[in-house]
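The values are calculated or read from the model by the stated rules, or taken from the named source; none is laboratory data. Just so it is clear, the model here is predicted, and its values are computed rather than measured. Note: ideal-geometry Cβ built from the backbone for every residue, glycine included; neighbour counts use all protein chains shown. Note: areas computed on protein heavy atoms with side chains; ligands, DNA, RNA excluded. Shrake-Rupley method; radii C 1.70, N 1.55, O 1.52, S 1.80 Å.
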Amino acid sequence: MAVKPSTMRTLEALEALESNVRSYSRSFPAVFSRARGSIMLTDDGRKLIDFLSGAGALNYGHNNHEIKAALTRYLASDAVVHGLDMATPAKLEFMETFSSVILRERNLQYRFQFTGPTGANAIEAALKLSRKVTGRQNVISFTRGYHGMSLGAIAASGNRFYRVGSSVSLSGATFMPYDGYFGLAVDTANFVRNVLMDESSGVDYPAAILVETVQGEGGINVAGREWLQSIQDIARSVGALFIVDDIQMGCGRTGEFFSFEFAGLSPDIVVLSKSLSGFGLPLSMLLIKEEFDSWQPGEHTGTFRGNNLALVSATAAIDLYWRTQTFSQGVQRMGKLMRRRLDAVASQHGNSFAVRGRGLALGFDCQMAEIAEITTRKAFEKGLLVERCGPHDQVIKFLPALTIDLETLHEGLQIFEDSLAEALKSTRSR
Ligand SMILES: *Cc1c(COP(=O)(O)O)cnc(C)c1O
């Protein structure tokens, strides 16, 4: 693929200035200038369909115009943008809207804690609070789990690359096998229960059990309803807090607002971030059951907690999409459609692939990293942004905006199909 000289110059200038740590700019060597909905435009006039959605931070698409209108109005009125965690009408409106539209409808009741802007900071707060409430140190987390890049979050994350990268001893977490880790025949919840009930298993009583209902970074591994219910029961019976990390799978990604609704769970703490602001602005929070809200005032602080601009767009997103069932039903319908098409692709190629996921979080497991790598590279050349996940980056991860139109969805899937076919051809011809 020929890259225009002006684009090449920009990319080279960025490369010279920016740390080696940059990552997405390597997978997608283009200069992105504008974006709207599910389309990103590059400075050399290319149009790309976005199945990456800011790693799940853009569930409502890029520059969602209705959400943007709320932001523009707020900015134009000289209302408070940054006020630490002081009281503002924007914050109250967010909490009231979230409580009535999201929580009350689902028979849930929580207090809100706004943390620093990253998901990782919210995870730190959740772990810290659980340890404070229970007086215990250990946390149970799961194989292939991902919870962020700060040390406490990495300690609870599986990925060896990140763990080694932290360069200190990571402590405080015990890993248990996630649902399906040993195949369908083994119920790993039984294992967790046995280990925690056994007075001589070597595993300390946990302050919390921390789980994703679908592991986004870990390879789109899906936990079943009964497994999740068992894990919640186990947490209750050993006096641990049950924490759902809904940072990537929440805010409608699986078809419901919370990814755990299908299992009827009632987590003690829910962690939300990524798409919470509705606009790609940084906003993270914990939902905490009132009886566990044992913080001292200011005990977990931060400069950018509950940024008002992000709260305004978050309120607008809830107003727009969650007051009726229509949006959620649409996501579920599109998810099924996409699933069917991916299943068809998998069976076309003799079932050496596996398709997993829920709602519009879908993974196409190529089994071989090389095939996934070539496929996503070719897809990028043909006009589709899609990333890889899983322990060997062997899973192609589909996270289209929940607001995507069917035509664009199918166009993106066609690019994926063509790219996969080419990748298979190129690896077979060797
Ligand atoms: C992205 C992510 C995090 C970390 O969020 P950051 O904002 O990147 O710190 C934690 N948990 C899950 C499940 C995530 O997908």
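Structure values in brief
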quantity: Enumeration of residues in segment 34-44 that are more than 10 Å from LEU385 (Cα to Cα) and either open to solvent by 70 Å² or more (accessible area, probe 1.4 Å) or not small (Gly, Ala, Ser) (or both); calculated: ARG34, ARG36, LEU41, THR42, ASP43, ASP44
quantity: Count - residues of segment 218-237 that are open to solvent by less than 10 Å² (accessible area, probe 1.4 Å), touching a Leu at 6+ places or on another chain (Cβ under 8 Å) and more than 13 Å from the ligand (Cβ to nearest atom); calculated: 3
quantity: Candidate set: segment 385-415, residues that are in contact with a strand residue (DSSP E or B) (Cβ under 7 Å, 6 or more places away or on another chain) and more than 20 Å from GLU217 (Cβ to Cβ); chosen: the one most open to solvent (accessible area, probe 1.4 Å); calculated: GLU411
quantity: First in segment 48-62 and more than 14 Å from LEU409 (Cβ to Cβ), second anywhere and in a helix (DSSP H, G or I) and within 12 Å of the ligand (Cβ to nearest atom), Cβ under 6 Å, 6 or more apart; calculated: GLY56/LYS274; ALA57/LYS274; ALA57/SER275; ASN59/SER275
quantity: Failed criterion for ALA185 (all others in (1) of a type outside the set (D, E, K, R); (2) more than 16 Å from the ligand (Cβ to nearest atom); (3) touching a residue at least 12 places away in the same chain (Cβ under 8 Å) hold); calculated: (3)
quantity: Within segment 141-173, considering residues that are β-branched (Val, Ile, Thr) and more than 16 Å from the ligand (Cβ to nearest atom), the one surrounded by the fewest Cβ atoms within 10 Å (Cβ to Cβ); calculated: VAL168
quantity: Residue list for segment 274-290, filter: in a loop (DSSP other than H, G, I, E, B) and open to solvent by less than 10 Å² (accessible area, probe 1.4 Å); calculated: GLY278, LEU283, SER284
quantity: Unique match (being open to solvent by less than 50 Å² (accessible area, probe 1.4 Å) and in a helix (DSSP H, G or I)) among ALA30, ALA70, ALA16; calculated: ALA70
quantity: Number of positions in segment 96-140 that are open to solvent by 10 Å² or more (accessible area, probe 1.4 Å), in a strand (DSSP E or B) and either within 16 Å of the ligand (Cβ to nearest atom) or at pLDDT below 95 (or both); calculated: 2
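Yes/no per residue for (1) over 24 Å from MET249 (Cα atoms); (2) touching a Gly at 6+ places or on another chain (Cβ under 9 Å); (3) in a strand (DSSP E or B); (4) in contact (Cβ under 8 Å) with a residue 12 or more places away in the chain:
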position: PHE327; (1), (2), (3), (4): no, yes, no, yes
position: LEU342; (1), (2), (3), (4): no, yes, no, yes
position: VAL345; (1), (2), (3), (4): yes, no, no, yes
position: LEU362; (1), (2), (3), (4): no, yes, yes, yes
position: PRO391; (1), (2), (3), (4): no, yes, no, yes
position: ILE404; (1), (2), (3), (4): no, yes, no, yes
position: GLN414; (1), (2), (3), (4): yes, no, no, no
position: ALA423; (1), (2), (3), (4): yes, no, no, yes
position: THR427; (1), (2), (3), (4): yes, no, no, yes
